[in-house]
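**Q** Provided herewith is a single structure, encoded as structure tokens, for subsequent inquiry.
The values are calculated or read from the model by the stated rules, or taken from the named source; none is laboratory data. What you see is a predicted model; the values in this text were computed from it and never measured. Neighbour counts are summed over all protein chains in view; Cβ atoms, including those assigned to glycine, are modelled from backbone coordinates with ideal geometry.
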Amino acid sequence: MSSCAAAVEVPGISLGPKRPTAVFLSPWEKAETREQEDQREGLLNHLLAMLGQRVGRRRQPAHLLPRAWCIPCRSKNEWLPVRWLKCLSWLLLAALAHAADPPVAGYRVLARHPHDPQAFTQGLVWVDGVLYEGTGLYGRSAIRRLDLETGRIEQETRLPPQFFGEGIAYWQGQLIQLTWREERGLIYDASSLKLVASFAYPGEGWGLTQDGTHWIASDGTETLRFIDPKSRRFIRLLRVHAGDRPISHLNELEWIEGEIWANVWQRDQIIRIDPQDGRVTGILDLSALYPQAERQNPEAVLNGIAYDPQMRRIFVTGKYWPWLYAIQPAQ
Ligand SMILES: [Ca+2]
């Protein structure tokens, strides 16, 4: 397997060419491209050839098998049990693919709080006991301060109708909010929610968080942008991957104890990302929190992560979700 160029230093705002997709699929996973299918087929053939040589060398008693299950060995007057070898190749590939998958962790629900079911949640952040939410859609976008226990909107600033609000992050007494395709970032005073400034932001804005030094933003691809808060220039790109598989559609973000946690658009899983190399180190499967069967709207996807470091609880919710959950991952 090839290695990943995970962190890339870039001048200016160029994101560079997209790396071709390389995938290590288990036998039953659906290949999304011809390249993936060919790679899997090649690996299976390689395993089959390797196993065939082994069996031939050890003079496996293939004559005990029906002839229909065997193929002739080129160098010797023997028959190889090719169907057995094929099965073994598949099992080996499955085991290899499974070994490369990040572990899925359990969690426990600490509390469930009401959440505005009309909120198209795009950003969530907890700052010293205060919960903020950024919402999207044209004409309905806002930034809000919420009462955790009741879900009541304590204060709200609406965005101009031409702005589609996206991720939010707290930074030095201010809240930063990205916009989807308007290429502007908005800055609010955190205590009054008054818009105090804006800045140019090239490309699409999706999720936003910060690690104490940089802002970290997603744009719907597998690449995270590290941004210098002063110059607002992109200073580093981080490609997120599980094994050799790029993980795209990264959405809402949260910095949690040295890791980046990310929603993946239209998935009920949150992934944990190593900020050094972009590797997915774990997965939290939240599909049982608000089951798909109960959702009225196909856009009601999991989106929104906030972290309370004092009580070590993680708040999660989604677009149009009637509930916001406080959870703790299993140790
Ligand atoms: Ca967040």
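**Q** Where residues in the stretch 221-260 are assigned to a loop (DSSP other than H, G, I, E, B) and hydroxyl-bearing (Ser, Thr, Tyr), which of them is farthest from the chain's Cα centre (by Cα)?
**A** SER231
**Q** Which residues, counting only those in the stretch 243-265, are surrounded by fewer than 20 Cβ atoms within 10 Å (Cβ to Cβ), at negative phi and free of Cβ contacts under 8 Å to residues at least 24 places away in the same chain?
**A** GLU259
**Q** Considering only the stretch 115-140, state which residues are hydroxyl-bearing (Ser, Thr, Tyr) and more than 16 Å from the ligand (Cβ to nearest atom).
**A** Within the stretch 115-140, just TYR138 meets the criteria.
**Q** Something else: Just to be sure I understand the filter: pairs with C-beta atoms under 8 Å, separated by 6 or more residues or on different chains, first member in the stretch 156-172 and closer than 19 Å to GLU252 by Cβ and within 11 Å of the ligand (Cβ to nearest atom), second member among the aromatic types (Phe, Trp, Tyr) and in a strand (DSSP E or B). Which pairs pass?
**A** ILE168/TYR132; ALA169/TRP215; TYR170/TYR132
**Q** Within the stretch 251-283, which residues are of a type in the set (A, V, I, L, M) and within 17 Å of THR221 (Cβ to Cβ)?
**A** Hits for the stretch 251-283 are LEU253, ILE260, ALA262, VAL264, ILE271, ILE273, VAL280.
**Q** Here's a follow-up. Filter the stretch 281-305 for residues that are closer than 18 Å to LEU208 by Cα and touching a Lys or Arg at 6+ places or on another chain (Cβ under 9 Å) and give the result.
**A** Once the filter is applied, which keeps residues that are closer than 18 Å to LEU208 by Cα and touching a Lys or Arg at 6+ places or on another chain (Cβ under 9 Å), the stretch 281-305 yields VAL301, LEU302, ASN303, GLY304.
**Q** Can I ask one more? Would you check which residues across the stretch 228-242 are surrounded by fewer than 19 Cβ atoms within 10 Å (Cβ to Cβ) and not aliphatic (A, V, I, L, M) and list them?
**A** Result: ASP228, PRO229, LYS230, SER231, ARG232, ARG233, ARG236.
**Q** If you don't mind, there's one more thing I want to ask. Only one of these conditions is not met by ASP285: (1) away from the ligand (no atom under 15 Å from the Cβ); (2) at pLDDT 95 or above. Which number is it?
**A** Here ASP285 clears every test but (2).
**Q** Mind listing whichever residues of the stretch 261-282 are polar (S, T, N, Q), away from the ligand (no atom under 14 Å from the Cβ) and in a strand (DSSP E or B)?
**A** GLN269, THR281
**Q** Among the strands (runs of 3 or more DSSP E) confined wholly to the stretch 78-149, which include 1 or more residues that are at pLDDT below 95 and over 23 Å from the mean Cα position of the chain (by Cα)?
**A** none
**Q** Return the pair list, or none, for Cβ contacts closer than 8 Å from residues in the stretch 284-300 that are without any contact (Cβ under 8 Å) to a residue 40 or more places away in the chain to residues that are assigned to a loop (DSSP other than H, G, I, E, B) and aliphatic (A, V, I, L, M), at least 6 apart or on different chains.
**A** TYR290/ALA300
**Q** Do you know which residues across the stretch 288-300 are within 22 Å of GLY136 (Cα to Cα) and either within 15 Å of the ligand (Cβ to nearest atom) or acidic (Asp, Glu) (or both)?
**A** GLU299
**Q** Of all residues in the stretch 301-323, which are within 14 Å of the ligand (Cβ to nearest atom) and without any contact (Cβ under 8 Å) to a residue 40 or more places away in the chain?
**A** Residue satisfying the conditions is LEU302 alone.
**Q** Looking only at residues in the stretch 195-212 that are part of a loop (DSSP other than H, G, I, E, B) and under 17 Å from VAL125 (Cα atoms), which one is nearest to the ligand (Cβ to nearest atom)?
**A** GLY207
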